[in-house]
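The values are calculated or read from the model by the stated rules, or taken from the named source; none is laboratory data. Fair warning: this is a prediction, and the values are worked out from it, not measured in the lab. FYI the Cβ positions are ideal-geometry reconstructions off the backbone, even for glycines, and counts take in every protein chain you see. Just so you know, the surface numbers come from the protein's heavy atoms only, side chains and all, with ligands and any DNA or RNA stripped out. Shrake-Rupley method; radii C 1.70, N 1.55, O 1.52, S 1.80 Å.
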Amino acid sequence: GGSNGTSTLCAILGDKSKPQNTNHTLRVATRSSNKHLDNGSPRTWRCKEKKHLSDVVAADFLPTRVITHVGAPDSVFVYGNSNENNTNDEKPNNNTPYNLSPLEQAISGISAPDNGGIADIIILVCPVSAHLSLLKRIAIAMYNLNSKHLLGTKTRPPILIGTLYGAGGFDWMARIAFTSQRPSNFNGWDRSLGLFGLKAFPYLTKSLQVGEVTLHGRFPQLQVAVTPSTPYMRHRAGLLLDRVLQNSTTGKSLEFLGLSSNEKLGGDGTVVEESLVLQQNGSSSGLLGYGVGVEGVNSARNAMLLAAQTHKSIKEAKEGSPGASSTMPPTILTSNNTNHQQLTNITPSSPTLDLLLTHSLSDHADPHSSLGFLTCTLNSTNQILHPCILVALFGSGDKDGTITWNPKKEGTALPRFYADGAAKPLAG
(Lines give C-alpha, C1' and ligand atoms only; values in the text may rest on other atoms or scores of the structure.)
Protein backbone atom coordinates (compact mmCIF):
# COMPACT_ATOMS: atom_id res chain seq x y z
CA GLY A 1 0.00 0.00 0.00
CA GLY A 2 0.90 3.67 -0.15
CA SER A 3 -0.53 4.74 3.19
CA ASN A 4 1.06 6.50 6.13
CA GLY A 5 1.14 3.15 7.89
CA THR A 6 3.25 1.68 5.09
CA SER A 7 5.69 4.58 5.37
CA THR A 8 5.91 4.04 9.13
CA LEU A 9 6.67 0.35 8.72
CA CYS A 10 9.32 1.14 6.09
CA ALA A 11 11.10 3.48 8.51
CA ILE A 12 10.88 1.17 11.54
CA LEU A 13 11.31 -2.31 10.02
CA GLY A 14 13.71 -1.08 7.35
CA ASP A 15 16.08 0.42 9.91
CA LYS A 16 18.97 -2.04 9.53
CA SER A 17 20.93 -0.37 12.33
CA LYS A 18 18.60 -2.17 14.75
CA PRO A 19 19.64 -5.79 15.47
CA GLN A 20 16.01 -6.98 15.44
CA ASN A 21 15.71 -5.93 11.77
CA THR A 22 18.73 -7.77 10.40
CA ASN A 23 17.06 -11.10 9.66
CA HIS A 24 13.97 -10.13 7.71
CA THR A 25 13.23 -8.78 4.24
CA LEU A 26 10.71 -5.99 3.69
CA ARG A 27 9.00 -5.58 0.31
CA VAL A 28 6.46 -2.93 -0.66
CA ALA A 29 3.93 -3.51 -3.43
CA THR A 30 2.25 -0.23 -4.33
CA ARG A 31 0.69 1.89 -7.05
CA SER A 32 2.39 4.98 -5.57
CA SER A 33 5.72 4.77 -7.35
CA ASN A 34 6.59 8.41 -6.67
CA LYS A 35 6.06 7.89 -2.94
CA HIS A 36 8.14 4.75 -2.45
CA LEU A 37 10.75 5.04 -5.21
CA ASP A 38 13.51 7.63 -5.38
CA ASN A 39 15.23 7.61 -8.79
CA GLY A 40 14.34 3.95 -9.18
CA SER A 41 15.59 2.87 -5.75
CA PRO A 42 13.55 2.23 -2.59
CA ARG A 43 12.94 5.51 -0.82
CA THR A 44 14.38 6.03 2.64
CA TRP A 45 11.83 7.13 5.23
CA ARG A 46 12.50 9.05 8.42
CA CYS A 47 9.98 8.46 11.21
CA LYS A 48 9.90 10.62 14.31
CA GLU A 49 8.15 8.62 17.01
CA LYS A 50 6.79 10.50 19.99
CA LYS A 51 7.17 8.38 23.10
CA HIS A 52 4.55 9.43 25.61
CA LEU A 53 4.59 8.71 29.30
CA SER A 54 1.73 6.30 28.58
CA ASP A 55 0.00 5.00 25.45
CA VAL A 56 -3.22 4.81 27.43
CA VAL A 57 -3.23 8.50 28.38
CA ALA A 58 -1.29 10.40 25.73
CA ALA A 59 -1.51 14.20 25.71
CA ASP A 60 0.69 17.08 24.64
CA PHE A 61 1.07 18.39 28.21
CA LEU A 62 2.56 15.06 29.39
CA PRO A 63 6.33 14.44 29.14
CA THR A 64 7.41 13.03 25.78
CA ARG A 65 10.61 12.06 24.07
CA VAL A 66 11.31 11.52 20.38
CA ILE A 67 12.89 8.46 18.82
CA THR A 68 13.96 8.65 15.18
CA HIS A 69 13.76 5.64 12.88
CA VAL A 70 15.44 5.78 9.46
CA GLY A 71 14.89 2.91 7.09
CA ALA A 72 13.84 1.73 3.66
CA PRO A 73 12.25 -1.39 2.20
CA ASP A 74 14.55 -3.92 0.57
CA SER A 75 12.59 -3.71 -2.66
CA VAL A 76 9.58 -1.95 -4.18
CA PHE A 77 7.18 -3.38 -6.76
CA VAL A 78 4.79 -1.11 -8.67
CA TYR A 79 1.63 -2.87 -9.79
CA GLY A 80 -1.50 -1.93 -11.74
CA ASN A 81 -2.67 1.57 -12.54
CA SER A 82 -4.41 4.38 -10.68
CA ASN A 83 -7.82 2.65 -10.81
CA GLU A 84 -7.94 0.64 -7.58
CA ASN A 85 -11.17 -1.11 -8.63
CA ASN A 86 -9.59 -2.62 -11.75
CA THR A 87 -8.04 -5.93 -10.75
CA ASN A 88 -7.32 -7.18 -14.29
CA ASP A 89 -4.57 -4.71 -15.24
CA GLU A 90 -1.64 -6.82 -14.07
CA LYS A 91 0.78 -7.32 -16.94
CA PRO A 92 3.31 -10.15 -16.74
CA ASN A 93 6.95 -9.22 -17.14
CA ASN A 94 8.20 -11.32 -20.02
CA ASN A 95 11.79 -10.62 -18.96
CA THR A 96 11.40 -12.59 -15.74
CA PRO A 97 11.25 -16.35 -15.21
CA TYR A 98 7.70 -17.72 -15.35
CA ASN A 99 6.46 -14.36 -16.78
CA LEU A 100 5.33 -13.06 -13.40
CA SER A 101 3.54 -9.79 -12.71
CA PRO A 102 5.12 -7.30 -10.24
CA LEU A 103 2.76 -8.41 -7.45
CA GLU A 104 3.59 -12.07 -8.12
CA GLN A 105 7.30 -11.22 -7.99
CA ALA A 106 6.79 -9.46 -4.65
CA ILE A 107 5.06 -12.51 -3.17
CA SER A 108 7.29 -15.23 -4.63
CA GLY A 109 10.60 -13.37 -4.44
CA ILE A 110 11.47 -14.53 -7.95
CA SER A 111 13.55 -11.87 -9.76
CA ALA A 112 13.36 -9.70 -6.64
CA PRO A 113 16.46 -7.59 -5.89
CA ASP A 114 16.74 -9.22 -2.47
CA ASN A 115 17.34 -12.67 -1.03
CA GLY A 116 14.13 -12.95 0.97
CA GLY A 117 12.53 -15.83 -0.91
CA ILE A 118 8.79 -16.48 -0.70
CA ALA A 119 6.85 -14.09 1.51
CA ASP A 120 5.84 -15.41 4.94
CA ILE A 121 3.27 -12.68 5.55
CA ILE A 122 1.31 -10.32 3.28
CA ILE A 123 0.00 -7.22 5.06
CA LEU A 124 -2.58 -4.78 3.73
CA VAL A 125 -1.87 -1.30 5.11
CA CYS A 126 -4.51 0.72 3.32
CA PRO A 127 -8.00 2.19 3.70
CA VAL A 128 -10.77 -0.35 4.28
CA SER A 129 -12.37 0.74 1.00
CA ALA A 130 -9.41 -0.75 -0.87
CA HIS A 131 -9.46 -4.15 0.87
CA LEU A 132 -11.70 -6.02 -1.57
CA SER A 133 -9.92 -4.89 -4.74
CA LEU A 134 -6.50 -5.61 -3.23
CA LEU A 135 -7.62 -9.02 -1.98
CA LYS A 136 -8.79 -9.84 -5.50
CA ARG A 137 -5.37 -8.87 -6.85
CA ILE A 138 -3.68 -11.02 -4.22
CA ALA A 139 -6.01 -13.94 -5.01
CA ILE A 140 -5.19 -13.74 -8.72
CA ALA A 141 -1.47 -13.66 -7.94
CA MET A 142 -1.67 -16.51 -5.41
CA TYR A 143 -3.67 -18.76 -7.73
CA ASN A 144 -1.19 -18.17 -10.56
CA LEU A 145 1.83 -18.83 -8.34
CA ASN A 146 0.17 -21.96 -6.96
CA SER A 147 -0.52 -23.29 -10.47
CA LYS A 148 3.19 -22.92 -11.22
CA HIS A 149 4.14 -24.52 -7.88
CA LEU A 150 6.02 -21.41 -6.72
CA LEU A 151 4.54 -21.06 -3.23
CA GLY A 152 6.31 -23.98 -1.60
CA THR A 153 4.80 -27.12 -0.10
CA LYS A 154 2.63 -27.98 2.91
CA THR A 155 5.77 -28.89 4.84
CA ARG A 156 6.49 -25.17 5.11
CA PRO A 157 4.64 -22.85 7.51
CA PRO A 158 1.46 -21.26 6.13
CA ILE A 159 1.52 -17.92 4.34
CA LEU A 160 -0.45 -15.34 6.33
CA ILE A 161 -2.56 -12.71 4.56
CA GLY A 162 -4.08 -9.94 6.62
CA THR A 163 -4.58 -6.32 7.51
CA LEU A 164 -3.61 -3.96 10.29
CA TYR A 165 -7.25 -2.83 10.46
CA GLY A 166 -9.75 -5.66 10.10
CA ALA A 167 -12.93 -3.56 9.87
CA GLY A 168 -15.70 -3.90 7.31
CA GLY A 169 -15.94 -7.69 7.26
CA PHE A 170 -12.37 -8.47 6.21
CA ASP A 171 -12.88 -12.23 6.38
CA TRP A 172 -16.02 -11.94 4.23
CA MET A 173 -14.15 -9.90 1.63
CA ALA A 174 -11.36 -12.48 1.58
CA ARG A 175 -13.88 -15.24 0.88
CA ILE A 176 -15.46 -13.18 -1.90
CA ALA A 177 -12.07 -12.38 -3.45
CA PHE A 178 -10.67 -15.91 -3.40
CA THR A 179 -13.97 -17.48 -4.48
CA SER A 180 -14.60 -15.09 -7.37
CA GLN A 181 -11.06 -15.40 -8.72
CA ARG A 182 -10.68 -19.18 -8.28
CA PRO A 183 -9.71 -20.88 -11.58
CA SER A 184 -11.91 -23.70 -12.81
CA ASN A 185 -8.95 -26.12 -12.76
CA PHE A 186 -7.96 -25.32 -9.16
CA ASN A 187 -7.22 -28.51 -7.19
CA GLY A 188 -6.06 -27.16 -3.85
CA TRP A 189 -3.19 -25.19 -2.36
CA ASP A 190 0.35 -26.52 -2.43
CA ARG A 191 0.97 -24.56 0.78
CA SER A 192 -1.48 -23.68 3.53
CA LEU A 193 -2.82 -20.14 3.93
CA GLY A 194 -4.03 -18.19 6.94
CA LEU A 195 -5.94 -14.95 7.44
CA PHE A 196 -5.65 -12.31 10.18
CA GLY A 197 -7.04 -8.89 11.02
CA LEU A 198 -6.27 -6.45 13.83
CA LYS A 199 -9.18 -4.91 15.68
CA ALA A 200 -7.62 -1.43 15.84
CA PHE A 201 -4.96 0.18 13.68
CA PRO A 202 -1.78 0.04 15.80
CA TYR A 203 -0.36 3.47 14.86
CA LEU A 204 -1.47 7.09 15.03
CA THR A 205 0.71 8.35 12.21
CA LYS A 206 0.78 11.13 9.64
CA SER A 207 3.00 12.07 6.70
CA LEU A 208 2.92 15.59 5.32
CA GLN A 209 6.02 15.26 3.18
CA VAL A 210 7.41 12.42 1.08
CA GLY A 211 10.17 10.70 3.04
CA GLU A 212 9.01 12.07 6.40
CA VAL A 213 6.41 10.58 8.74
CA THR A 214 5.46 11.29 12.35
CA LEU A 215 4.31 8.53 14.69
CA HIS A 216 2.28 10.32 17.35
CA GLY A 217 1.55 7.18 19.35
CA ARG A 218 0.79 3.46 19.35
CA PHE A 219 -2.55 1.92 20.18
CA PRO A 220 -2.35 0.40 23.68
CA GLN A 221 -4.10 -2.90 22.85
CA LEU A 222 -3.13 -5.26 20.04
CA GLN A 223 -6.06 -7.61 19.45
CA VAL A 224 -6.20 -9.88 16.41
CA ALA A 225 -8.54 -12.40 14.81
CA VAL A 226 -6.97 -15.39 13.03
CA THR A 227 -8.37 -18.12 10.80
CA PRO A 228 -8.29 -21.06 10.71
CA SER A 229 -8.80 -21.11 14.45
CA THR A 230 -6.09 -23.56 15.51
CA PRO A 231 -3.29 -23.45 18.08
CA TYR A 232 -0.63 -23.67 15.39
CA MET A 233 -2.08 -20.81 13.32
CA ARG A 234 -2.29 -18.61 16.41
CA HIS A 235 1.29 -19.49 17.28
CA ARG A 236 2.47 -18.71 13.75
CA ALA A 237 0.57 -15.42 13.61
CA GLY A 238 1.96 -14.48 17.00
CA LEU A 239 5.56 -15.05 15.88
CA LEU A 240 5.19 -12.96 12.72
CA LEU A 241 3.04 -10.15 14.08
CA ASP A 242 5.19 -9.76 17.19
CA ARG A 243 8.06 -9.01 14.84
CA VAL A 244 6.08 -6.73 12.52
CA LEU A 245 4.68 -4.71 15.44
CA GLN A 246 8.02 -4.63 17.32
CA ASN A 247 6.51 -6.13 20.47
CA SER A 248 9.89 -7.23 21.84
CA THR A 249 10.90 -3.55 21.88
CA THR A 250 7.65 -1.96 23.01
CA GLY A 251 6.74 -4.60 25.58
CA LYS A 252 3.26 -5.01 24.11
CA SER A 253 1.66 -8.39 23.46
CA LEU A 254 -0.97 -9.77 21.11
CA GLU A 255 -4.39 -10.84 22.33
CA PHE A 256 -6.40 -13.23 20.16
CA LEU A 257 -10.10 -12.64 19.59
CA GLY A 258 -12.92 -15.17 19.31
CA LEU A 259 -14.24 -18.06 21.35
CA SER A 260 -10.72 -19.25 22.18
CA SER A 261 -9.66 -15.87 23.53
CA ASN A 262 -8.78 -14.85 27.04
CA GLU A 263 -11.70 -15.02 29.46
CA LYS A 264 -11.66 -11.25 29.97
CA LEU A 265 -12.36 -10.91 26.23
CA GLY A 266 -15.29 -13.33 26.40
CA GLY A 267 -13.49 -16.53 25.42
CA ASP A 268 -12.90 -19.82 27.20
CA GLY A 269 -9.22 -19.17 27.96
CA THR A 270 -7.81 -21.66 25.44
CA VAL A 271 -5.09 -19.23 24.30
CA VAL A 272 -3.83 -18.91 27.88
CA GLU A 273 -3.45 -22.68 28.17
CA GLU A 274 -1.63 -22.77 24.82
CA SER A 275 0.88 -20.14 25.92
CA LEU A 276 1.56 -22.04 29.16
CA VAL A 277 2.24 -25.24 27.20
CA LEU A 278 4.64 -23.43 24.87
CA GLN A 279 6.46 -21.89 27.85
CA GLN A 280 6.83 -25.29 29.48
CA ASN A 281 8.12 -26.86 26.26
CA GLY A 282 10.51 -23.98 25.73
CA SER A 283 9.93 -23.86 21.98
CA SER A 284 7.48 -24.67 19.22
CA SER A 285 9.55 -27.53 17.82
CA GLY A 286 7.48 -30.62 17.32
CA LEU A 287 4.27 -28.70 16.84
CA LEU A 288 1.90 -30.46 14.52
CA GLY A 289 -0.26 -28.64 12.03
CA TYR A 290 -2.88 -28.75 14.74
CA GLY A 291 -0.61 -26.96 17.20
CA VAL A 292 0.06 -29.81 19.66
CA GLY A 293 3.24 -31.83 19.99
CA VAL A 294 3.43 -35.44 18.90
CA GLU A 295 3.71 -36.56 22.52
CA GLY A 296 0.59 -34.56 23.33
CA VAL A 297 -1.38 -36.33 20.64
CA ASN A 298 -0.09 -39.73 21.72
CA SER A 299 -0.89 -38.96 25.34
CA ALA A 300 -4.42 -37.88 24.45
CA ARG A 301 -4.94 -40.97 22.32
CA ASN A 302 -3.58 -43.21 25.07
CA ALA A 303 -5.74 -41.52 27.70
CA MET A 304 -8.80 -42.18 25.57
CA LEU A 305 -7.79 -45.84 25.21
CA LEU A 306 -7.13 -46.22 28.94
CA ALA A 307 -10.48 -44.68 29.80
CA ALA A 308 -12.32 -47.01 27.42
CA GLN A 309 -10.56 -50.12 28.72
CA THR A 310 -11.08 -49.09 32.34
CA HIS A 311 -14.78 -48.49 31.74
CA LYS A 312 -15.08 -51.90 30.12
CA SER A 313 -13.27 -53.67 32.99
CA ILE A 314 -15.39 -51.99 35.66
CA LYS A 315 -18.59 -52.82 33.77
CA GLU A 316 -17.60 -56.49 33.43
CA ALA A 317 -16.70 -56.66 37.12
CA LYS A 318 -20.05 -55.22 38.18
CA GLU A 319 -22.01 -57.51 35.88
CA GLY A 320 -20.08 -60.58 36.96
CA SER A 321 -18.91 -61.44 33.46
CA PRO A 322 -16.89 -64.64 33.06
CA GLY A 323 -13.27 -64.03 33.82
CA ALA A 324 -13.93 -60.80 35.68
CA SER A 325 -13.34 -60.53 39.42
CA SER A 326 -15.62 -58.30 41.44
CA THR A 327 -13.08 -58.13 44.26
CA MET A 328 -10.06 -57.13 42.19
CA PRO A 329 -9.62 -53.74 40.58
CA PRO A 330 -9.27 -53.68 36.82
CA THR A 331 -5.79 -54.72 35.74
CA ILE A 332 -5.37 -51.54 33.75
CA LEU A 333 -5.55 -49.53 37.00
CA THR A 334 -2.96 -51.60 38.83
CA SER A 335 -0.41 -52.23 36.13
CA ASN A 336 2.75 -50.15 36.29
CA ASN A 337 4.38 -51.84 33.33
CA THR A 338 2.15 -50.71 30.49
CA ASN A 339 4.24 -50.33 27.37
CA HIS A 340 3.83 -46.81 25.98
CA GLN A 341 4.69 -47.89 22.46
CA GLN A 342 2.13 -50.71 22.54
CA LEU A 343 -0.61 -48.30 23.60
CA THR A 344 0.37 -45.91 20.84
CA ASN A 345 0.18 -48.67 18.24
CA ILE A 346 -3.19 -49.99 19.43
CA THR A 347 -4.94 -46.78 18.40
CA PRO A 348 -3.62 -45.85 14.96
CA SER A 349 -2.85 -42.24 14.13
CA SER A 350 -5.35 -40.41 11.97
CA PRO A 351 -5.74 -36.69 11.19
CA THR A 352 -9.42 -36.80 12.13
CA LEU A 353 -8.76 -38.41 15.52
CA ASP A 354 -5.84 -36.08 16.22
CA LEU A 355 -8.04 -33.11 15.36
CA LEU A 356 -10.72 -34.23 17.81
CA LEU A 357 -8.18 -34.87 20.55
CA THR A 358 -6.08 -31.71 20.21
CA HIS A 359 -8.57 -28.95 19.40
CA SER A 360 -10.53 -27.13 22.04
CA LEU A 361 -14.32 -27.09 21.89
CA SER A 362 -14.17 -23.38 21.09
CA ASP A 363 -12.09 -24.05 17.98
CA HIS A 364 -14.55 -26.73 16.92
CA ALA A 365 -17.49 -24.39 17.51
CA ASP A 366 -16.02 -21.52 15.46
CA PRO A 367 -13.29 -23.00 13.22
CA HIS A 368 -13.00 -19.85 11.09
CA SER A 369 -13.01 -17.40 14.02
CA SER A 370 -16.03 -15.65 12.52
CA LEU A 371 -16.86 -14.10 15.89
CA GLY A 372 -13.33 -12.77 16.20
CA PHE A 373 -13.52 -11.02 12.84
CA LEU A 374 -17.02 -9.81 13.67
CA THR A 375 -15.52 -8.14 16.74
CA CYS A 376 -13.18 -6.24 14.42
CA THR A 377 -16.11 -5.19 12.23
CA LEU A 378 -18.26 -4.03 15.15
CA ASN A 379 -15.33 -1.99 16.40
CA SER A 380 -15.67 0.21 13.30
CA THR A 381 -19.43 0.33 12.92
CA ASN A 382 -19.98 1.66 16.43
CA GLN A 383 -18.37 4.91 15.27
CA ILE A 384 -21.74 5.72 13.72
CA LEU A 385 -23.13 6.11 17.26
CA HIS A 386 -20.56 8.73 18.22
CA PRO A 387 -22.41 11.87 19.43
CA CYS A 388 -20.57 14.30 17.19
CA ILE A 389 -21.34 12.15 14.16
CA LEU A 390 -25.00 11.91 15.07
CA VAL A 391 -25.21 15.68 15.51
CA ALA A 392 -23.38 16.33 12.25
CA LEU A 393 -25.60 14.01 10.24
CA PHE A 394 -29.00 14.43 11.88
CA GLY A 395 -28.79 17.72 13.79
CA SER A 396 -30.05 19.86 10.92
CA GLY A 397 -31.68 17.11 8.86
CA ASP A 398 -35.31 16.30 8.22
CA LYS A 399 -37.45 15.10 11.09
CA ASP A 400 -38.10 11.79 9.35
CA GLY A 401 -34.44 10.85 9.81
CA THR A 402 -33.22 11.38 6.25
CA ILE A 403 -29.82 12.93 5.67
CA THR A 404 -29.47 15.95 3.41
CA TRP A 405 -26.03 16.02 1.84
CA ASN A 406 -24.82 18.43 -0.82
CA PRO A 407 -21.64 16.98 -2.40
CA LYS A 408 -20.61 20.31 -3.95
CA LYS A 409 -21.03 22.22 -0.73
CA GLU A 410 -19.53 19.59 1.57
CA GLY A 411 -16.72 18.64 -0.78
CA THR A 412 -17.21 14.87 -0.53
CA ALA A 413 -19.62 12.55 -2.32
CA LEU A 414 -20.66 10.96 0.98
CA PRO A 415 -20.13 11.84 4.66
CA ARG A 416 -16.73 10.86 5.97
CA PHE A 417 -17.38 10.09 9.59
CA TYR A 418 -13.97 10.87 11.00
CA ALA A 419 -13.34 14.13 9.14
CA ASP A 420 -16.76 15.70 8.61
CA GLY A 421 -18.34 14.43 11.80
CA ALA A 422 -15.68 15.76 14.14
CA ALA A 423 -15.22 19.02 12.25
CA LYS A 424 -18.80 20.29 12.59
CA PRO A 425 -18.85 23.34 14.95
CA LEU A 426 -22.25 22.39 16.37
CA ALA A 427 -20.77 19.04 17.50
CA GLY A 428 -18.52 20.89 19.91
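Sort Arg236, Arg46, Arg65 by accessible area with a 1.4 Å probe, largest first.
Arg65, Arg46, Arg236
Taking a probe of 1.4 angstrom, what is the accessible area of Trp405 in Å², to the nearest 10?
For Trp405, solvent-accessible area is about 50 Å².
What residues have an amide H closer than 5 Å to that of Gln223, excluding those fewer than 5 places away on the same chain, when H is modeled at 1.01 Å from N in the peptide plane?
Distant-sequence amide H within range of Gln223: Lys199, Ala200, Glu255.
Return the sequence-ordered ³J(HN,Hα) values of region 199-208 in whole Hz as given by the Karplus equation 6.51 cos²θ - 1.76 cosθ + 1.60 applied to θ = phi - 60°, using x for Gly and Pro.
These are the phi-based 3J(HN,Hα) values: 6, 10, 4, x, 10, 9, 9, 8, 10, 9 Hz.
I'd like the accessible area for Tyr98: 1.4 Å probe, protein heavy atoms, all chains in place, Å² to the nearest 10.
Estimated to the nearest 10 Å², Tyr98 gives 120 Å².
How would Ile107, Ile121 rank on accessible area, largest to smallest, probe 1.4 Å?
From most exposed to least exposed: Ile121, Ile107.
Extension gain Arg175-Thr155, at 0.36 nm per residue separation less the Cα-Cα distance, in nm?
Once the chain is fully extended between Arg175 and Thr155, it gains 4.8 nm.
When the chain is fully extended, how far beyond the present Cα-Cα distance does Lys16 get from Leu204, taking 0.36 nm per residue of separation?
Gain on stretching Lys16 to Leu204: 65.4 nm.
Anything over 28 Å Cα to Cα? Flag those among Lys16/Lys50; Lys16/Lys252; Lys136/Lys408, in the order listed.
Violating the 28 Å limit, Cα to Cα: Lys136/Lys408.
For a quick check: with amide H placed at 1.01 Å from N, whose amide H comes under 5 Å from Lys51's, ignoring anything fewer than 5 positions away on the same chain?
Distant-sequence amide H within range of Lys51: Arg65, Val66, Ile67.
Extension gain Leu276-Gln221, at 0.36 nm per residue separation less the Cα-Cα distance, in nm?
17.7 nm
Between Ser111 and Arg65, how high is the FRET efficiency from 1/(1 + (r/R0)^6) when r is the Cβ-Cβ distance and R₀ = 41 Å? Nearest 0.05.
0.45
Using θ = phi - 60° and the Karplus relation 6.51 cos²θ - 1.76 cosθ + 1.60, list the HN-Hα couplings for region 123-138 in order, rounded to whole Hz, with x at every Gly or Pro.
10, 8, 10, 7, x, 4, 5, 9, 4, 5, 5, 5, 5, 5, 4, 5
Which FRET efficiency value, to the nearest 0.05, do you get for Asn39 and Asp190 by plugging their Cβ-Cβ distance into 1/(1 + (r/R0)^6) with R0 = 41 Å?
Using R0 = 41 Å, I get an efficiency of 0.60.
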